[in-house]
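> Dumping the structure here so I can ask a few things about it.
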There are 2 protein chains.
Amino acid sequence: MLIVQKYGGTSVGTLERIEAVAKRVAKAKEDGNDIVVVVSAMSGETNKLISYAENFSNNPKQREMDLLLSAGERVTSALLSIALNEMGYPTVAMSGRQAGIRTDKFHTKARIESINRLCIEKEINGGNIVVVAGFQGVTELGEVSTLGRGGSDLSAVAIAGALEADLCEIYTDVDGVYTTDPRIEPKAKKLDKISYDEMLELASLGAKVLQTRSVEMAKKLNVNLVTRSSFNDNEGTLITKEENIMEQPVVSGVALDRNQARVTLRGVTDKPGIAAEIFRKLSESNVNVDMIIQNVGHDGTTNLGFTVPQNELDLTKDAMLELNASQSVEYDSEIVKVSIVGVGMKSHSGVACTAFDTLSREGINLEMISTSEIKISMVIAAKYGELAVRALHDAYKLDE
Amino acid sequence: MLIVQKYGGTSVGTLERIEAVAKRVAKAKEDGNDIVVVVSAMSGETNKLISYAENFSNNPKQREMDLLLSAGERVTSALLSIALNEMGYPTVAMSGRQAGIRTDKFHTKARIESINRLCIEKEINGGNIVVVAGFQGVTELGEVSTLGRGGSDLSAVAIAGALEADLCEIYTDVDGVYTTDPRIEPKAKKLDKISYDEMLELASLGAKVLQTRSVEMAKKLNVNLVTRSSFNDNEGTLITKEENIMEQPVVSGVALDRNQARVTLRGVTDKPGIAAEIFRKLSESNVNVDMIIQNVGHDGTTNLGFTVPQNELDLTKDAMLELNASQSVEYDSEIVKVSIVGVGMKSHSGVACTAFDTLSREGINLEMISTSEIKISMVIAAKYGELAVRALHDAYKLDE
C-alpha cells in the first residue's frame, strides 16, 4: 500500500517524540508499504515565531510571515529524515516547494492549487521514504506560502489525493473520533468508521480532531482518512465515503459547542431586504453567523435570532450599533449548542423527536432548533450542556 | 551609495537586537543609500539545530542538514523585514534561493558559483530594502545548500561583488581590526584601513574578526569591506586594496596563535622524496600543516619541523605511526606562534631584525621562524606568548 502519514505538533514535539515517530514510520515501511510522511512544526514553534513577529508589528507583512512560519516544518522534516536515515532507511526530506505543492497567492491562508505528483513519486520509486514539510507551498511566482491553521493536515490530504494513496493517516494525541467528548461522557466510544459528511458536521461543531477544510478536501479527492494517536497502537477512526460504511448507525455522535453566543433582534420590520441588510453588515464585519432563526411575525414586525462565536460578540455588537434601526437587541453568552449527527437520519424518522423528548424529560428548555439532513442542533442554557450530552448519548444508545 | 550590510548572530541575537539593527538599517537608508541586508541566524540557533541533528546521528545526512540549518537565517530575515516594514520602509525578505545565490552541490560546505544580480536589483530599483537570509543558496538541482562556518559573511561579500556595491559592512560585536588583541595589550589601537593581504594573514593567524574565505572573496571581487560593531557607532576598519591606502605602516599588527603544536622529526633520511612522503601522508589524513622548517643535515640525515593545529595532533600522531620510518618524532603542544604583519615590510629592511632583537632582549628563545613577503612568524614557548605580543607591539610603536 501507499500510505501518507501526517504527524502533528505534539507528535513531533520533542526529540524523543521524533524518534518514536521514526520507529512508527519504519514499522509501516517494514510492513511492505511505501510511505510519505508529512510533518508539522514541533509543538510551540509556530506560536513562538508568531509571537516574535508580533513583537515588531501588530500587522506583520504576510509575505514575510510565510517565510518565517515555514521554517518550523522544514526543521522537523529534516530531523525526521535524519533519524530514519540513521536507522538505515533511505530518505528524502522535502520542503513544500520541493514536494511540488503550488498554492494561490494569498499569504498565510493560501489554498493548494495543484501538486506535481512526479516530485514525490520519483523519490518513492527510488525506494525512499519521503518526508515532507507540511503547511507550506509556493505561489506561481515562487514565493513561499503557508496554508493557515491545520495546514499540515491539508498538505497530507492533498498529497494523498495527488498520489492516489491507499490511506492518509492523521496522527495526533487523540485516539480517533468518539461518539462524544469522553471528558463529558466517560461511556463515549471510539467510532471505527464515519462518513465524510458526518465528520464535517462534527468538525464544524467543535470536535477538534480534524478541521473542516481537511475533511472537505478528503471528500473531494476521495481520500480514505484515518485519524489515530501517535502515542499508542490503537486503531483509529476511518473517515470515508458513505458507501464504504456497511451498517450506518442512525446517530453517530453528539457534539457540544460552548463557543456560541445568541443574538436576538426584537421588533425587526417585517419587509423584504431587512434581514439581508443585517447579515450583510455582519459579513462585512467578518462575523461568522451560525444558526439563524426567524419566526413568523405579527404587527408588521418579527423577531430574528442567530448565534455567533463568543469571541466575535464584540464585533457583532459594533455592527448592530451601526445598523441604526428600530429593533431592540439582546445578547446571551450563557448558551451552548448541542448537536446530534448521523447519516442514518436521512432514512429514519423520529430522530428529532427522540432528542426533543429526551431534553424535555430532563427539564431542559430548547431555545433554538436548527436541522440539516444529517444533523439536529439545539441551543440550550449553558448550565445544561453536559447533562444534555449525556442524556442524548444514552437515548441513542451510543455506548453500545 | 549602494551598501550591503551583514549582521552576525550576536547582532541579531534577541528581538531587542533585531529592533536595534532595524534602526541602524533605517538610518543608512535615510542617509540616502540603497541597502541590502544579509543576516545570520539568531545566536545559538544554528548550534541548537546541529545538536538536534546530532541527537539522531553522529553523521547526519548532509543534504538534510542544509534544509535544517537554513531555517535559522530565514527566520531572522523575515523578522528584520517585518520590523523595518513596521517602521514604514518597503522591504523584501529573501531566502538564498530567492536572492539568486547558486552554489555547487557540496552540502554543508558549498561554494557560491554565481549570483543572479537581477533578483535583488529588481527589488532595490523598486525602492525596497532587501533583507537576505545569509549562509545559504541552492544547487543546480534546486536543493538547499549552506556555505559552512562564516557563510553569511560570504553571502554578503558575494552579493556586494555581484551588485558592484560601494561598500560591504560586516557587523559583529567587535569594533574592527586592532593592531593586536586588546585583551593582551590594552594599548592596542583600532586600524582605520588595512589591505586585503594583511587581513588575510591576520585572519589565518587567529584574529577572529573575519574568516579567510570572506577576505579572499572580497579581494577577488574587489569589494570594499568594513568590519564594525553593531553595538556602537564607532567607525570600523576598512579592508581594501593596497593602492587605496595612502600611508602604509611598516607593520600593521601583531597576532598570537595559541592553537598550534610543533612536530619535530629527527634523523630523517636526507634524500629526495622523503619530505614529500611525509606531507602527502598528513594531507591524506586531513591535517593542515602550517609552518615547515627543514635544516641542513649532516651524516645523511636531517631534522624536519612543522606545526599543526592542536586539535589535529592526534590525527598527526596516527599518520606518523603509519609512516613506518626510522626517524624519531617529538611533539610539543606548549608553544605559540607570534606573527607580525605589514605590507610595508616589502619596502623596508630591518623589520625582522627588530623582531628578533626585541624577543631576545626579553630572553625569549625562537624555536622556529618563517617569513613571507608581508609576515614574520615565530614559534616560541607558550608561556612567553603575551609578553612577546606586548614587546613587539611596543617595538613597532603600534600604539602611536
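Every number in this text was worked out from the coordinates using simple rules, so none of it is lab data. On a predicted model such as this, the values are computed, not experimentally measured, just so you know. No Cβ is skipped: glycine too gets one built from the backbone with ideal geometry, and neighbour counts run over all protein chains shown.
> How tilted is helix A:385-395 with respect to the longest principal axis of chain A? Cα atoms for both, answer in degrees (0 to 90, nearest 10).
Approximately 80 degrees, to the nearest 10.
> Treating only the Cβ atoms of Lys and Arg (+1) and Asp and Glu (-1) as charged, compute the dipole magnitude of the protein assembly as shown about its Cα centre; round to the nearest 20 debye.
On the way: 86 positive and 112 negative charges, 66 e Å.
It works out to roughly 320 debye.
> For B:Val38, B:Val329, A:Val209, what's the fewest-to-most ordering of other Cβ within 10 Å of each Cβ?
Values: B:Val38 34, B:Val329 17, A:Val209 22.
Fewest-to-most ranking of B:Val38, B:Val329, A:Val209: B:Val329, A:Val209, B:Val38.
> For A:84-90, what's the mean count of beta carbons from other chains sitting within 10 Å of each residue's beta carbon?
3
> Please turn the phi angles of the range A:260-266 into ³J(HN,Hα) values with the Karplus equation 6.51 cos²θ - 1.76 cosθ + 1.60 (θ = phi - 60°), one per residue in order, whole Hz, x for glycine and proline.
Listing the rounded values in order: 10, 10, 9, 10, 10, 9, 9 Hz.
> A follow-up question, please. Enumerate the whole-percent occupancy of each 10 Å bin, from 0 to the last occupied one, for all C-alpha pair distances of chain A.
Once binned at 10 Å, the Cα pair distances of chain A give 5, 20, 26, 24, 17, 6, 1, 0.
> Calculate the spin-label point distance for B:Leu141 paired with A:Glu247, positioning each point 7 Å from the Cα along the beta-carbon direction, and give it in nanometres.
5.3 nm
> Then there's this: Suppose the chain between A:Arg361 and A:Lys187 were pulled fully straight at 0.36 nm per residue; how much longer would it get relative to their current alpha carbon spacing?
Details: separation 174, 0.36 × 174 = 62.64 nm, distance 2.07 nm.
Value of the extension gain: 60.6 nm.
> Which whole-number percentage describes the relative contact order of the range B:23-105, with Cα contacts under 8 Å and a sequence gap of 6 or more?
Working: 46 pairs, mean separation 23.6, N = 83.
Computed over the range B:23-105, the figure is 28 percent.
> Rounded, prolate or oblate: which fits the range A:60-114 when a ≥ b ≥ c are the square roots of the eigenvalues of the alpha-carbon gyration tensor, with rounded for a/c under 1.5 and prolate only if a/b beats b/c?
Values: a/c = 4.82, a/b = 1.98, b/c = 2.43.
Verdict is oblate for the range A:60-114.
> Specify the angular offset, from 0 to 90 degrees and rounded to the nearest 10, of the alpha carbon long axis of helix A:15-30 from the longest principal axis of the alpha carbons in chain A.
70 degrees
> Under 37 °C and 0.692 mPa s, how fast does the range B:1-141 diffuse according to Stokes-Einstein, given a Kirkwood radius computed over C-alpha pairs? Answer in µm²/s, whole number.
On the way: Rh = 15.6 Å.
Stokes-Einstein gives a translational diffusion coefficient of 211 µm²/s.
> Sticking with this structure for a sec: Could you list B:Glu362, A:Glu198 so that the one with the fewest beta carbons within 10 Å of its beta carbon is first and the one with the most is last? List each step's numbers first, then the result.
Details: B:Glu362 14, A:Glu198 28.
In increasing order of surrounding Cβ atoms, one gets B:Glu362, A:Glu198.
> Calculate the dipole size of the range A:2-173 relative to its Cα centre from +1 charges on Lys and Arg beta carbons and -1 charges on Asp and Glu beta carbons; express the result in debye to the nearest 20.
Numbers: 18 positive and 22 negative charges, 66 e Å.
So the dipole magnitude of the range A:2-173 works out to roughly 320 debye.
> Another question, if that's okay. Using alpha-carbon pairs under 8 Å, 6+ residues apart, how would you state the relative contact order of chain B in percent?
Working: 859 pairs, mean separation 53.9, N = 400.
Value for chain B: 13 percent.
> Starting from the range A:109-146, pick out the GluC sites (Glu not before Pro) whose DSSP state is loop and whose Cβ has at most 13 other Cβ atoms within 10 Å.
Values: sites: A:Glu113, A:Glu121, A:Glu123, A:Glu140, A:Glu143; in loops: A:Glu140, A:Glu143.
Passing sites in the range A:109-146 are A:Glu140.
> Return the percentage of antiparallel bridges among DSSP beta bridges fully within the range A:2-173, rounded to the nearest 5 %.
Values: 6 of 26 bridges.
Beta bridges within the range A:2-173, antiparallel portion: roughly 25 percent.
> Once every DSSP H run of n ≥ 4 in the protein assembly as shown is given -39500 (n - 2.57) and the sum is divided by its residues, what mean residue ellipticity at 222 nm do you get, rounded to the nearest 500 deg cm²/dmol?
Calculated from helices alone, the mean residue ellipticity at 222 nm is -11000 deg cm²/dmol.
> Could you tell me which trypsin sites (Lys or Arg not before Pro) in the range B:139-193 are loop residues by DSSP with no more than 14 other beta carbons within 10 angstrom of their beta carbon? Before the final figure, lay out the partial values.
Numbers: sites: B:Arg149, B:Arg183, B:Lys187, B:Lys189, B:Lys190, B:Lys193; in loops: B:Arg149, B:Arg183, B:Lys187, B:Lys189.
Of the trypsin sites (Lys or Arg not before Pro), the ones in loops of the range B:139-193 whose Cβ has at most 14 other Cβ atoms within 10 Å are B:Arg149, B:Arg183, B:Lys187.
> OK, next. Against the longest alpha carbon principal axis of chain A, how many degrees, from 0 to 90 and to the nearest 10, is the axis of helix A:45-56 turned?
Value to nearest ten degrees: 70.
> Also, quick follow-up: Could you check which residue among B:Thr269, B:Thr14, B:Thr180 shows the biggest mean-square fluctuation in a GNM of chain B with a 10 Å Cα cutoff?
For chain B, modelled as a Gaussian network with Cα springs under 10 Å, the answer is B:Thr269.
> Averaged over all directions, how much area does the convex hull of the C-alpha atoms of the protein assembly as shown cover when projected, in nm²?
Details: hull surface 174.3 nm².
So the mean shadow area of the Cα hull is 43.6 nm².
> Still on this model: Distances from A:Glu242 to the same residue in each other copy, label points 7 Å out along Cα→Cβ, in nm, shortest first?
Result for A:Glu242, in nm, nearest copy first: 8.6.
> Can you pick out the pairs among B:Lys190/B:Lys317; B:Lys193/B:Lys375; A:Lys61/B:Lys48 whose Cα atoms lie more than 29 Å from each other? Write out the running numbers ahead of the final one.
Working: B:Lys190/B:Lys317 40 Å; B:Lys193/B:Lys375 17 Å; A:Lys61/B:Lys48 27 Å.
Among B:Lys190/B:Lys317; B:Lys193/B:Lys375; A:Lys61/B:Lys48, the Cα-Cα distance tops 29 Å for B:Lys190/B:Lys317.
> Return B:Ile120, B:Ile293, A:Ile159 ranked ascending by Cβ neighbour count within 10 Å, so the fewest neighbours appear first. List each step's numbers first, then the result.
On the way: B:Ile120 24, B:Ile293 16, A:Ile159 28.
By the 10 Å Cβ count, ascending: B:Ile293, B:Ile120, A:Ile159.
> At 7 angstrom along the Cα-to-beta-carbon line, where would the label on A:Glu322 sit relative to the other copies? Give the distances in nm, shortest first.
Result for A:Glu322, in nm, nearest copy first: 7.7.
> Would you mind pulling out the separation of the Cα centroids of the range A:361-382 and the range A:103-158, in Å?
40 Å
> Within the range A:214-244, find all residues whose amide N lies under 15 Å from a label point positioned 7 Å from the Cα of A:Arg117 along Cα-to-beta-carbon.
Only A:221-224 fall inside the zone, counting backbone N under 15 Å.
> Determine which aspartates and glutamates satisfy two conditions relative to B:Lys105: a Cα distance under 18 Å, and not lying fewer than 8 residues away in the same chain.
Within the straight-line limit of under 18 Å, B:Lys105 reaches these aspartates and glutamates: B:Glu64, B:Asp66, B:Glu113, B:Glu140, B:Glu143.
> To one decimal in nm, how far is B:Gln62 from the same spot in the other copies, if labels go 7 Å from Cα toward Cβ? Please give the shortest first.
4.1
> Follow-up question, since we're still on this one. Between A:Asp318 and A:Leu387, what FRET efficiency comes out of the Förster formula 1/(1 + (r/R0)^6) with R0 = 30 Å and r the beta carbon distance, rounded to 0.05? Kindly include the intermediate steps, with their values, before the conclusion.
Details: r = 34 Å, r/R0 = 1.15.
Calculated value: 0.30.
> Separate question: Please give, to one decimal in nm, the separation of the simple spin-label points placed at B:Ser349 and A:Glu164, each 7 Å out from Cα toward the Cβ.
Taking the simple label geometry, B:Ser349 and A:Glu164 are separated by 8.7 nm.
> Let me check I've understood the local charge: for B:Asp181, count other residues with C-beta under 10 angstrom from its C-beta, Lys and Arg +1, Asp and Glu -1. What total comes out? Intermediate results must be reported in sequence, preceding the final value.
Values: positive: B:Arg183, B:Lys208; negative: B:Glu185, B:Glu386.
Cβ neighbours under 10 Å give a net charge of 0.
> Under 5 Å between amide H atoms, partner at least 5 residues away or on a different chain: which partners does B:Ala93 have, H built in plane at 1.01 Å?
So B:Ala93 has HN proximity to B:Val131.
> Would you mind telling me which residue in B:Asn232, B:Asn224, B:Asn128 has the biggest mean-square fluctuation in a Gaussian network model of chain B, where springs connect alpha carbons within a distance under 10 angstrom?
Of the options given, B:Asn232 has the highest mean-square fluctuation.
> How large is the dipole of chain A about the Cα centre if only Lys and Arg carry +1 and Asp and Glu carry -1, each at its Cβ, rounded to the nearest 20 debye? Write down the numbers at each step before the final one.
Numbers: 43 positive and 56 negative charges, 93 e Å.
The dipole of chain A has a size of about 440 debye.
> Got a sec to turn the phi values of the range B:119-126 into Karplus ³J(HN,Hα) couplings, 6.51 cos²θ - 1.76 cosθ + 1.60 with θ = phi - 60°, whole Hz, x for Gly and Pro?
Whole-Hz 3J(HN,Hα) from phi for the range B:119-126: 4, 7, 4, 4, 6, 5, 4, x.
> Anyone know which of A:Met65, A:Met291, A:Met87 comes out most mobile in the 10 Å Cα GNM of chain A?
For chain A, modelled as a Gaussian network with Cα springs under 10 Å, the answer is A:Met87.
> Compute the distance from the alpha-carbon center of the range A:1-39 to that of the range A:225-245, in whole Å.
Centre-to-centre distance over Cα atoms comes out at 16 Å.
> Taking the rotation axis that maps chain A onto chain B, which residue of A brings its Cβ closest to that axis, and at what distance in whole Å?
A:Ala71, 2
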